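The values are calculated or read from the model by the stated rules, or taken from the named source; none is laboratory data. From a predicted model like this one, the values you see are computed outputs, not experimental measurements. Cβ coordinates were reconstructed from backbone atoms using ideal geometry, including for glycine residues, and neighbour counts include every protein chain displayed.
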Amino acid sequence: MKEEGHGNVETFLAGFFLGGIIGAGIALLFAPASGTETREQIARQANRIYEEGKEGAEYVRKLVRDEIETVKEKGGAFKDALDRSVSELKKSKE
């Protein structure tokens, strides 16, 4: 049984990809450039997208590293506070 809402996402994605394929086909049919020029243009665009993807991945890696450091710092401070509380509790029982 399908969960509600998944059909809409699947339909959207199918339409999105089908539209992309049709659009790319029409663009190639009406492209004023030769095959060689079109391939070069596609290669340039692919390289641009690849570089942007690398930059995006590096940005995300930096964000994750920063968040890990923040969690470590807060975790260390929490551990220290917990250790102090346990020590005080032990002293109060003595």
Exercise for the section: Could you tell me whether ALA57 is of a type outside the set (Ser, Thr, Tyr) and either part of a helix (DSSP H, G or I) or exposed (fewer than 10 other Cβ atoms within 10 Å of the Cβ) (or both)? Expected result: yes
Completion exercise
If we ask which residues in the stretch 1-30 are modelled with pLDDT under 75, surrounded by 10 or more Cβ atoms within 10 Å (Cβ to Cβ) and within 25 Å of the chain's Cα centre (by Cα), their number turns out to be 1
